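A quick write-up on the structure given underneath.
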Amino acid sequence: MILVTGGAGFIGSNFITSWLSAEDRPVVNVDKLTYAGNLHNLASLKADKRHVFEHADICDMQKMRSLFEMYRPLAVVHFAAESHVDRSISEPADFIKTNINGTFTLLEAAREYWLSLSVAEKEAFRFLHVSTDEVYGALAPFSPPFSEQSPYAPNSPYSASKAAADHLVRCYHQTYGLPTVTVHCSNNYGPYQFPEKLIPLMICRALSNEAMPLYGDGLQVRDWLHVRDHCAAIRCVLRNGTSGGIYNVGGWNEKTNLEVAHVICDILDKLVPKKNGSYREQIAFVTDRPGHDRRYAINAGKIARELGWQPVETFESGIAKTVQWYLDNQDWVHDVQSGDYMKWRDRSFFQS
Ligand code: NAD
């Protein structure tokens, strides 16, 4: 059994479905179901007994202790977080609570449980923390990409809260010997991403004939990785990563936000052409986000050298599949945009 937190979110749900198609060990999925948690993302597992859903908050120590006791997992994959930078600027409190206090609570419950394991189980146990490249702050235009040795310089409440969580994970390894591993990943994209994030926002706005908003001049640079490649990297680190290890994960795909928007428009122009003109005409530049980091880029050389992981998708192949997925799953988009997906926020979805 592995325990996954935040498994009803974008990356967590992709991780659980890919895990269960590749591995035998069952999954207990611990999720509070915030606005970002959507059980519909896991609809393909409705009849799969290897997936158990637990509606719980990672900040609840008693509940976390009882879940470790009940399921006795041999690994934790910790995705649960508040994840949207814009929301962290307008309402930082939830980011501090879940990303810092929640990670602390989970670590503490994991440590107590880990102490009860046999020597062999203790060694095999892993607490895998899913972090972000944003903890390293902004990169100057021609600087080399972030490595595992890059200094921390978070600039938003989101990245600061993730940085704090990273330090807690590190200290639980250094002080208590808990076998932790941390992955720092660049921007993910793919199926089931909530349409507040750049790529699904651009696709959904284009299709509904609305303005496609880009911050500032749109020339902020991000590295993009298809979510399934991130999930494969996590499986690889879980299997072979060194206890206490840190691995940067990225797609070697630096793009400006404007380039990303143009690629999406060009794909849509071919798949669902407008009567007049191009989707590019819907792009609208809006006032920049405060403290907006100009560039992130990841050097994913260590995980390639030491663990043999490489992304499978190029940006071109991954983005084409993603646009097609949103076209084919307009019901999912409608449910999310109308709020109908909230109706699935109870455990009965996986019990009936
Ligand atoms: P998401 O917002 O789509 O999903 C987060 C999930 O966590 C949701 O299901 C939500 O209900 C759950 N959750 C939130 N607070 C909780 C709490 N207190 N207790 C239990 N569950 C809670 O996020 P995502 O994009 O899937 O990101 C997952 C993880 O990966 C996050 O830790 C994020 O920092 C990290 N990450 C994301 C990206 C990216 O591009 N999306 C890149 C690098 C790292």
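What follows is calculated from the coordinates using simple rules that are stated; it is not laboratory data. Predicted model only: the values in this text are computed from it and were never measured. Cβ placement follows ideal geometry from the backbone for every residue including glycine, while neighbour counts extend to all protein chains displayed.
Can you tell me the Rg and Dmax of the range 2-350, counting just the alpha carbons, in angstroms?
Gyration radius and largest Cα-Cα distance of the range 2-350: 19.7, 68 Å.
In the calculated pair distance distribution of the range 255-352, what percentage of Cα-Cα distances lie above 22 Å?
Tail of P(r) above 22 Å: 59 percent of Cα pairs.
Starting from the Cα gyration tensor of the range 1-154, multiply each eigenvalue by 5, take the square root, and state the resulting semi-axes largest first in whole Å.
Calculated on Cα positions only, the semi-axes equal 27, 19, 17 Å.
Per-residue HN-Hα couplings for the range 124-139, Karplus 6.51 cos²θ - 1.76 cosθ + 1.60 at θ = phi - 60°, whole Hz, x for Gly and Pro?
Per-residue couplings from phi come out as 6, 4, 9, 10, 9, 9, 9, 10, 10, 6, 5, 5, 7, x, 8, 9 Hz.
List the relative contact order of the chain as a percent without decimals, with contacts defined as Cα pairs under 8 Å and 6+ residues apart.
19 percent
Starting at the first residue of the range 50-55, write each ³J(HN,Hα) from the Karplus equation 6.51 cos²θ - 1.76 cosθ + 1.60 with θ = phi - 60°, in whole Hz, x for Gly and Pro.
Per residue, the Karplus-derived 3J(HN,Hα) values read 7, 10, 10, 9, 10, 7 Hz.
Taking the Cα centre of the range 48-150 as origin and charging only Cβ (+1 Lys, Arg; -1 Asp, Glu), how large is the dipole, in debye to the nearest 20?
In total the dipole reaches around 360 debye.
Figure the gain on full extension for Ser118 and Arg294 (residue separation times 0.36 nm, minus the Cα-Cα span) and round it to one decimal in nm.
So the extension gain works out to 58.6 nm.
In the range 1-100, with Lys and Arg counted as +1 and Asp and Glu as -1 at Cβ, which of these residues, Phe15, Ser44, Ala81, has the Cα nearest the positive end of the dipole, that is, farthest along it?
Going by the Cα projections, it comes out as Ser44.
Where does each of Leu178, Leu207 land when they are ranked from fewest to most other beta-carbon atoms within 10 angstrom?
If I rank by nearby Cβ atoms, fewest first, I get Leu207, Leu178.
Counting Lys and Arg as +1 and Asp and Glu as -1, what is the net charge of the other residues whose Cβ lies under 12 Å from the Cβ of Asn14?
+1
Of Leu214, Val237, Gly251, whose Cα points farthest to the positive end of the dipole of the range 214-266 (charges on the beta-carbon: +1 Lys, Arg; -1 Asp, Glu; origin at the Cα centre)?
With unit charges placed on the Cβ atoms, the residue in question is Val237.
Taking the DSSP beta bridges in the chain as the whole, what percent of them are antiparallel, to the nearest 5?
Taking every DSSP beta bridge within the chain, about 10 percent pair in antiparallel fashion.
Could you compute the FRET efficiency for Arg305 and Asp60, with r as their C-beta to C-beta distance and R0 at 41 Å, rounded to 0.05?
It comes to 0.55.
For a quick check: sort Met202, Met342 by the number of other beta carbons within 10 angstrom, fewest at the front.
Fewest-to-most Cβ neighbours within 10 Å comes out as Met342, Met202.
Under 5 Å between amide H atoms, partner at least 5 residues away or on a different chain: which partners does Tyr215 have, H built in plane at 1.01 Å?
So Tyr215 has HN proximity to Val286.
Once you sort the root eigenvalues of the Cα gyration tensor of the range 179-243 as a ≥ b ≥ c, which label holds: rounded (a/c under 1.5), prolate (a/b larger than b/c) or oblate (the other case)?
prolate
Could you work out how far apart the two model spin labels at Lys275 and His334 are, taking each label as a point 7 Å from the Cα in the direction of the beta carbon, and quote it in nm?
2.2 nm
Starting with the fewest neighbours, write out His173, His230, His51 ranked by other beta-carbon atoms found within 10 Å of each beta-carbon.
Going from sparsest to densest Cβ surroundings: His173, His51, His230.
What dipole magnitude, in Debye to the nearest 20, does the chain give about its Cα centre under +1 on Lys/Arg Cβ and -1 on Asp/Glu Cβ?
Taking the Cα centre of the chain as origin, the dipole is about 460 debye.
Quick one: which of 235-246, 180-191 comes out on top by average Cβ neighbours within 10 Å, and what's the full order, highest first?
With the highest mean Cβ count within 10 Å placed first, the list reads 180-191, 235-246.
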